[in-house]
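**Student:** Once you've had a glance at the structure underneath, I'll fire off some questions.
The values are calculated or read from the model by the stated rules, or taken from the named source; none is laboratory data. Owing to the predicted nature of the structure, the values given are computational and were not obtained by experimental measurement. In this analysis, Cβ positions are derived from the backbone assuming ideal geometry, glycine residues included, and neighbour counts consider all displayed protein chains. Protein only, heavy atoms only, side chains kept; ligands, DNA and RNA dropped before computing areas. Shrake-Rupley method; radii C 1.70, N 1.55, O 1.52, S 1.80 Å.
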Amino acid sequence: MNSDIDIHNLALVVIGSFNPAIIHPMWLVNKGLIRESDSNPEKIQIVHRDISKFELNFATIQVTHDRFEIFASNEADFMPMRDLALSIFSILRETPINSIGFNHLFHKSTSNSKEYEKFGNWLSPLNNWKDVMRNPKLLEIKIVEPSNLDGPRLTSTIMPSDLIRHNAFRYQLNYHINVDKTQYAAHDIIPKEWEASFEKAKEIFNHLIQKYNDA
């Protein structure tokens with residue numbers, strides 16, 4: 001199996017204290033953060049005191065009282081998404097922030113159903129379950145590296161792809177940063193950790209594929 005990624009999605013998640021009602025497309029336009037042409041009124045799902053959710057031409061934003069998420073489905077949109085998030089949190093500089101997560105989602109096709117099942121069995125041997133289950137299949141596996149003073153908390157998750165219909169899996173890395181409120185804010189951490197999150201996601205994914213190929 002090669003390590004080529006078929007689809008790469010990215011979500012930036014900020015945990016803190018937010019006012020969902022103020023974050024909507026026209027607020028972004030009025031603040032000069034996006035062009036009016038980037039906003040599509042037909043794709044505003046809801047703007048309410050408890051939740052705001054809408055689509056721009058290059059990203060989807062959802063905000064609740066304790067969570068801000070911006071998501072891009074195309075790699076060409078990752079930098080515009082990043083720049084918008086930086087601009088929002090530069091304006092909301094005093095917003096209390098607890099943590100920031102970079103969620104990389106890699107969707108990968110396998111050559112056929114045989115290889116797909118072989119890969120799942122390599123991740124978690126299903127023979128361990130055959131005495132107690134008639135036809136065991138691997139649905140999801142999650143591996144966590146707890147956070148420490150030296151870096152982020154890493155959570156790797158593998159499951160079937162929800163974008164590629166047949167014989168494909170999704171690898172997700174959650175690159176989680178706890179925020180030291182005495183030193184950092186979101187607009188500082190996002191550019192500081194941006195490239196590192198990409199590098200770590202690709203490092204783990206490539207290592208996983210190489211280990212599988214060597215088995």
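**Student:** Name the residues in segment 196-215 that are of a type in the set (A, V, I, L, M) and surrounded by 12 or more Cβ atoms within 10 Å (Cβ to Cβ), would you?
**Tutor:** 196, 201, 204, 208, 209
**Student:** Being under 24 Å from the mean Cα position of the chain (by Cα), polar (S, T, N, Q) and not in a strand (DSSP E or B) is the filter here, so list the residues in segment 103-123 that pass it.
**Tutor:** Across segment 103-123, the qualifying residue is only 110.
**Student:** Determine the pairs where a residue that is of a type in the set (Gly, Ala, Ser), located within segment 114-129, has a partner that is loosely packed, with under 14 Cβ neighbours inside 10 Å with Cβ atoms under 8 Å apart, the partner being 6 or more residues away or on another chain.
**Tutor:** So the pair list comes out as 120/137; 124/141.
**Student:** How about segment 85-142: which of its residues are among the aromatic types (Phe, Trp, Tyr) and open to solvent by less than 60 Å² (accessible area, probe 1.4 Å)?
**Tutor:** 89, 102, 106, 119
**Student:** Pull up segment 43-63, narrow it to residues that are touching a helix residue (DSSP H, G or I) at 6+ places or on another chain (Cβ under 6 Å) and among the β-branched types (Val, Ile, Thr), then point me to the one that is most open to solvent (accessible area, probe 1.4 Å).
**Tutor:** Taking the candidates together, the pick is 51.
**Student:** Do we have any residue at all in segment 1-11 that's touching a strand residue (DSSP E or B) at 6+ places or on another chain (Cβ under 6 Å), farther than 30 Å from residue 122 by Cβ and either polar (S, T, N, Q) or surrounded by 14 or more Cβ atoms within 10 Å (Cβ to Cβ) (or both)?
**Tutor:** no
**Student:** Does any residue of segment 13-22 turn out to be closer than 23 Å to residue 174 by Cβ and in contact with a helix residue (DSSP H, G or I) (Cβ under 7 Å, 6 or more places away or on another chain)?
**Tutor:** Yes, segment 13-22 contains at least one residue that is closer than 23 Å to residue 174 by Cβ and in contact with a helix residue (DSSP H, G or I) (Cβ under 7 Å, 6 or more places away or on another chain).
**Student:** Here is a check on your reading of the model: is residue 43 charged (D, E, K, R), over 25 Å from residue 158 (Cβ atoms) and either in contact with an Asp or Glu (Cβ under 7 Å, 6 or more places away or on another chain) or part of a strand (DSSP E or B) (or both)?
**Tutor:** It is true that residue 43 is charged (D, E, K, R), over 25 Å from residue 158 (Cβ atoms) and either in contact with an Asp or Glu (Cβ under 7 Å, 6 or more places away or on another chain) or part of a strand (DSSP E or B) (or both).
**Student:** Here's another thing I want to ask about it. Among the residues of segment 64-78, what is the count of those that are open to solvent by 40 Å² or more (accessible area, probe 1.4 Å) and either in contact with a strand residue (DSSP E or B) (Cβ under 9 Å, 6 or more places away or on another chain) or not in a helix (DSSP H, G or I) (or both)?
**Tutor:** The total comes to 8.
**Student:** With respect to residue 189, determine if the residue is open to solvent by less than 20 Å² (accessible area, probe 1.4 Å), in contact (Cβ under 8 Å) with a residue 60 or more places away in the chain and over 15 Å from the mean Cα position of the chain (by Cα).
**Tutor:** Against the criterion (open to solvent by less than 20 Å² (accessible area, probe 1.4 Å), in contact (Cβ under 8 Å) with a residue 60 or more places away in the chain and over 15 Å from the mean Cα position of the chain (by Cα)), residue 189 qualifies.
For every residue, the table says whether it meets (1) under 22 Å from residue 200 (Cβ atoms); (2) not basic (Lys, Arg).
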position	(1), (2)
50	no, yes
53	no, no
57	no, yes
70	yes, yes
82	yes, no
102	yes, yes
105	yes, yes
111	no, yes
121	no, yes
